[in-house]
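Engineer: Provided herewith is a single structure, encoded as structure tokens, for subsequent inquiry.
The values are calculated or read from the model by the stated rules, or taken from the named source; none is laboratory data. This one's a predicted model, so the numbers in the text were calculated from it and none came from an experiment. Note that each Cβ is placed from the backbone with ideal geometry, even for glycine, and that neighbours are counted across all protein chains shown.
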Amino acid sequence: MTLVEIIEKLGLELLTDPKDFSQVVPSGGYASDLLSCVMTGAPHQGVWVTLQAHGNIVAVGALLELSAIIITGGAAPDQETIDKANHEGVTLLSTGMTTYEVVGRLWELGLRNS
Amino acid sequence: MELSSLRAEHVITDKEAKTIGRIEELSYELRIGEVMTRNFISVAQDMRMEQVLDLFREKRISGAPVVAEGSLAGILSIEDLIRCLRAGDTQALVTKYMARQVVTIRAGDTVIEALKLFTQKQYGRLPVVDESGKLVGILTKGDVTRGVLRALESDYQMEEIRRYRASHLFEDIVSERSSLILRYTIAPRDFACGGQASSSIKKALLRLGATPQIARRCGIAVYEAEMNLILHTPNGGTITAEIEPHLINIKVEDDGPGIEDPSLAMKPGYSTASEQVRELGFGAGMGLPNIERCVDEMSLESAVGVGTTLTMKIDLQPPAIELRHRYAVSLGRWEKTRPAIASRQAGESGPEGEVAT
């Protein structure tokens, strides 16, 4: 499943610069608000679902080469964070849904960790 | 080996496997969804054949799926049009001439599945459906060729860049022992810059030809150390990474506050982080255990009121044989090392008492 489908089906808002998301195929997913846990558990090129919206999520996203970070609960990162994400090539998506709901929807769409 | 000779019932022997090229490999890796055409032209089931004729001519296509309320009803090809023209029946509805038994392929399938269908059934195009059976694209042989070429090109470019980068520095500069030293000063409480040193080191390693996996491991280890300096030290600290062709040696130093019990700090989940820091998602108590997981050797030395020195080693080339790590704990010190092969043969447990790996 491509990131385009995920964005469309979950109605996610793209916060960073648009890319050819039809070429991005997330490898799986991970949900946590604890950065070190994400470092341990998130699959390479997966999507990360979190409530955190501060600048350090970008560093984590870049290091793990995540396909995208989905920021839940309507939390809004500041412009500095978005600029940093664009610079690092990290895709930030936002939604008003809770983490629980987003993960459920992703699972339903068939995004499982292989 | 020709792609067309790959059939479902064909079992590949080890000998043949060696000759499988990158194109074959790609056709097992690439997904239909990655190469298919998403903006395809479809025909509504209430259209007349005459309109289809105009459409095919105008869009220069030789076939299209027939769609009824978003789902696939059939498929029309140029052969169906010819049959209709011969019968002089251009006012007929598309449903009269379309093929209703349509073989579809799933977007999540690999390209090899499509290649099998193309060669076995002589189809020109395949409708692509998602898990729920909804039509999401069209796949032609041309799409497959383009997709494979695009993937090959990006492979090739990556390989070129990697080789170029890797071949230079350490090969062209001759010394008895060359190394590249990267130094970073980390300011305390500087959350905005968190991750900069680790990201820089990771990029440097990739440019020097390290595998993406090793670069990632190194990035994670340095990130955790970097965040520790930002979160826990009053004056920040320094990160020094010394890169040699076979090894990266990283030293992280600060002058306080020091860790009272390094073995406790190594325990997953143990954290001294403040409430404020935890709200930012730090303080999971996984920092040092994460580092330990990512590096080949590690030593943590600390004294309260004096400071902490963390050293980490990552092999840039994996050792030929797997070595078991030895863990040593003493006052103010925590260490993960790999015993030399000779001492391993002499007996696996060291004088300091070994913990299982």
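Engineer: Tally the residues that are over 11 Å from the mean Cα position of the chain (by Cα), under 14 Å from A:Glu88 (Cα atoms) and among the small types (Gly, Ala, Ser), restricting the search to the stretch A:15-62.
Structural biologist: 3
Engineer: Report whether or not B:Gly285 is within 14 Å of chain A (Cβ to nearest Cβ), outside any strand (DSSP E or B) and surrounded by 16 or more Cβ atoms within 10 Å (Cβ to Cβ).
Structural biologist: yes
Engineer: A follow-up question, please. For B:Ala320, indicate whether it is modelled with pLDDT under 85 and either within 14 Å of chain A (Cβ to nearest Cβ) or part of a helix (DSSP H, G or I) (or both).
Structural biologist: Judged against the criteria, B:Ala320 is not a match.
Engineer: Further question: From the residues in the stretch B:323-357 that are surrounded by 16 or more Cβ atoms within 10 Å (Cβ to Cβ) and among the basic types (Lys, Arg), which one is modelled with the lowest pLDDT?
Structural biologist: Filtering the stretch B:323-357 for residues that are surrounded by 16 or more Cβ atoms within 10 Å (Cβ to Cβ) and among the basic types (Lys, Arg), the one modelled with the lowest pLDDT comes out as B:Arg338.
Engineer: Look at A:Ala53 and say whether it is modelled with pLDDT under 95, crowded, with 17+ Cβ neighbours inside 10 Å, in contact with a Pro (Cβ under 6 Å, 6 or more places away or on another chain) and on the phi < 0 side of the Ramachandran plot.
Structural biologist: yes
Engineer: Can you tell me which residue is surrounded by the most Cβ atoms within 10 Å (Cβ to Cβ) among those in the stretch B:218-240 that are more than 22 Å from B:Glu279 (Cβ to Cβ), within 10 Å of another protein chain (Cβ to nearest Cβ) and not small (Gly, Ala, Ser)?
Structural biologist: B:Val222
Engineer: Which condition from (1) part of a strand (DSSP E or B); (2) surrounded by fewer than 20 Cβ atoms within 10 Å (Cβ to Cβ); (3) more than 27 Å from the chain's Cα centre (by Cα) is the one that B:Val252 breaks?
Structural biologist: Tallying (1) part of a strand (DSSP E or B); (2) surrounded by fewer than 20 Cβ atoms within 10 Å (Cβ to Cβ); (3) more than 27 Å from the chain's Cα centre (by Cα), B:Val252 fails exactly one: (2).
Engineer: Out of the stretch B:114-128, which residues are in contact with a Lys or Arg (Cβ under 8 Å, 6 or more places away or on another chain) and either among the acidic types (Asp, Glu) or crowded, with 21+ Cβ neighbours inside 10 Å (or both)?
Structural biologist: Within the stretch B:114-128, just B:Val128 meets the criteria.
Engineer: Could you check the stretch A:18-114 for helices (runs of 4 or more DSSP H) lying wholly inside it with 3 or more residues that are small (Gly, Ala, Ser) and farther than 20 Å from A:Glu8 by Cα?
Structural biologist: A:56-63
Engineer: While we're looking at this one, here's another question. Looking only at the stretch B:50-96, how many residues end up being among the β-branched types (Val, Ile, Thr), more than 24 Å from B:Arg38 (Cβ to Cβ) and surrounded by 14 or more Cβ atoms within 10 Å (Cβ to Cβ)? It would help to see each step written out before you state the result.
Structural biologist: Going through the stretch B:50-96, the residues among the β-branched types (Val, Ile, Thr) turn out to be B:52, B:61, B:66-67, B:75, B:78, B:82, B:90, B:94-95.
After this cut, where a residue has to be more than 24 Å from B:Arg38 (Cβ to Cβ) as well, the list is B:82, B:90, B:95.
Next, from what is left, pick out any that are surrounded by 14 or more Cβ atoms within 10 Å (Cβ to Cβ): B:90, B:95.
Residues that pass the stated criteria total 2.
Engineer: So B:Ala273 fits all but one of (1) crowded, with 19+ Cβ neighbours inside 10 Å; (2) within 14 Å of chain A (Cβ to nearest Cβ); (3) aliphatic (A, V, I, L, M); (4) in a loop (DSSP other than H, G, I, E, B); what number is the exception?
Structural biologist: If we test B:Ala273 against (1) crowded, with 19+ Cβ neighbours inside 10 Å; (2) within 14 Å of chain A (Cβ to nearest Cβ); (3) aliphatic (A, V, I, L, M); (4) in a loop (DSSP other than H, G, I, E, B), just (1) comes out false.
Engineer: Please go through the stretch A:2-11 and give me each residue that is surrounded by fewer than 19 Cβ atoms within 10 Å (Cβ to Cβ) and in contact with a Lys or Arg (Cβ under 9 Å, 6 or more places away or on another chain), ordered by number.
Structural biologist: A:Val4, A:Lys9, A:Leu10
Engineer: Something else about it: Given the conditions (1) within 12 Å of chain B (Cβ to nearest Cβ); (2) at pLDDT 95 or above; (3) in a helix (DSSP H, G or I), and given that A:Ile7 satisfies all but one, which numbered condition is not satisfied?
Structural biologist: Status for A:Ile7: all satisfied but (1).
Engineer: Considering A:Ile70, A:Ile57, which residue is more than 11 Å from chain B (Cβ to nearest Cβ) and touching a residue at least 24 places away in the same chain (Cβ under 8 Å)?
Structural biologist: A:Ile70
Engineer: Considering (1) under 27 Å from the mean Cα position of the chain (by Cα); (2) free of Cβ contacts under 8 Å to residues at least 40 places away in the same chain; (3) within 14 Å of chain A (Cβ to nearest Cβ), say which one B:Met298 fails and leave the rest.
Structural biologist: Among (1) under 27 Å from the mean Cα position of the chain (by Cα); (2) free of Cβ contacts under 8 Å to residues at least 40 places away in the same chain; (3) within 14 Å of chain A (Cβ to nearest Cβ), B:Met298 violates only (3).
Engineer: Separate question: Take the residues in the stretch A:12-50 that are among the small types (Gly, Ala, Ser) and at the interface with chain B (Cβ under 9 Å from one of its Cβ atoms), then tell me which one is surrounded by the fewest Cβ atoms within 10 Å (Cβ to Cβ). Working first, answer last.
Structural biologist: Within the stretch A:12-50, the first condition is being among the small types (Gly, Ala, Ser), and the residues that meet it are A:22, A:27-29, A:31-32, A:36, A:41-42, A:46.
Those still in the list that are at the interface with chain B (Cβ under 9 Å from one of its Cβ atoms) too: A:22, A:32, A:36.
Values: A:Ser22: 15, A:Ser32: 20, A:Ser36: 26.
Of everything passing the filter in the stretch A:12-50, A:Ser22 is surrounded by the fewest Cβ atoms within 10 Å (Cβ to Cβ).
Engineer: A follow-up question, please. Identify, please: which residue in the stretch B:136-164 is more than 20 Å from the chain's Cα centre (by Cα) and part of a helix (DSSP H, G or I) and is, among those, modelled with the lowest pLDDT?
Structural biologist: If we take residues in the stretch B:136-164 being more than 20 Å from the chain's Cα centre (by Cα) and part of a helix (DSSP H, G or I), then B:Tyr164 is modelled with the lowest pLDDT.
Engineer: Taking B:Asp89 as the residue in question, decide whether it is acidic (Asp, Glu), in contact (Cβ under 8 Å) with a residue 12 or more places away in the chain and not in a helix (DSSP H, G or I).
Structural biologist: For B:Asp89, the condition - acidic (Asp, Glu), in contact (Cβ under 8 Å) with a residue 12 or more places away in the chain and not in a helix (DSSP H, G or I) - is met.
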